[in-house]
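*Asks:* One structure follows; several queries about it will come next.
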Amino acid sequence: MIKILVSCANGAGSSLMLKMTVEKVMKELSIPYQIHHCPISEGKGLAPRNDYIFTSVTFSATFEPIKGNAKVIGIKNVVSAQEVKEKFLACQ
């Protein structure tokens, strides 16, 4: 089971929408996952405990120095399942 963190500035709007999009893609790909969405302030501490970090491209650089072994995936359109799927598969 992979662990996924979804994070945005406040952990309410865009991260919730992105979380739902990521869930859709993981189910489509039949990948077992555990997912958590939160504000960046919380995500910074959780980042190294995850396999993947999905966030807006605006915040991708925030996670790079603290990501541990996690792969950071910056997303432009948080409701685009196609973008999430393409970028996730590119990290494999």
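*Asks:* Condition check: touching a His at 6+ places or on another chain (Cβ under 8 Å), surrounded by fewer than 19 Cβ atoms within 10 Å (Cβ to Cβ) and at negative phi. Does L29 satisfy that?
*Replies:* So L29 fails the test.
*Asks:* With the requirement that a residue be charged (D, E, K, R), assigned to a helix (DSSP H, G or I) and open to solvent by 60 Å² or more (accessible area, probe 1.4 Å), what does segment 1-26 give you?
*Replies:* Hit for segment 1-26 is K24, nothing else.
*Asks:* Of all residues being closer than 15 Å to L18 by Cα and touching a Cys at 6+ places or on another chain (Cβ under 8 Å) in segment 46-60, which is most open to solvent (accessible area, probe 1.4 Å)? Just the residue, please.
*Replies:* F59
*Asks:* I would also like to ask the following. Only residues that are touching a strand residue (DSSP E or B) at 6+ places or on another chain (Cβ under 6 Å), among the aliphatic types (A, V, I, L, M) and not in a helix (DSSP H, G or I): list them for segment 29-72, please.
*Replies:* The answer is I35, I53, A70, V72.
*Asks:* So which residues in segment 32-45 are within 16 Å of M1 (Cβ to Cβ) and either open to solvent by less than 40 Å² (accessible area, probe 1.4 Å) or aromatic (F, W, Y) (or both), if there are any at all?
*Replies:* Y33, I35
*Asks:* Quick one: is E64 of a type outside the set (F, W, Y) and open to solvent by 80 Å² or more (accessible area, probe 1.4 Å)?
*Replies:* Here the answer is yes, as E64 does meet what is asked.
*Asks:* Name the single residue that is farthest from C8 (Cα to Cα) among those in segment 78-92 being open to solvent by 70 Å² or more (accessible area, probe 1.4 Å) and part of a loop (DSSP other than H, G, I, E, B).
*Replies:* Result: Q92.
*Asks:* Please go through (1) closer than 15 Å to A90 by Cβ; (2) without any contact (Cβ under 8 Å) to a residue 24 or more places away in the chain for V22 and return the number of the only condition it doesn't satisfy.
*Replies:* V22 satisfies all of (1) closer than 15 Å to A90 by Cβ; (2) without any contact (Cβ under 8 Å) to a residue 24 or more places away in the chain except (2).
The values are calculated or read from the model by the stated rules, or taken from the named source; none is laboratory data. Predicted model, so just to flag it, every value in this text is computed and none were measured. Heads up, the Cβs are rebuilt from the backbone with ideal geometry, glycines too, and the neighbour counts pull from every protein chain shown. Ligands, DNA and RNA are excluded from the accessible area calculation, which covers all protein heavy atoms including side chains. Shrake-Rupley method; radii C 1.70, N 1.55, O 1.52, S 1.80 Å.
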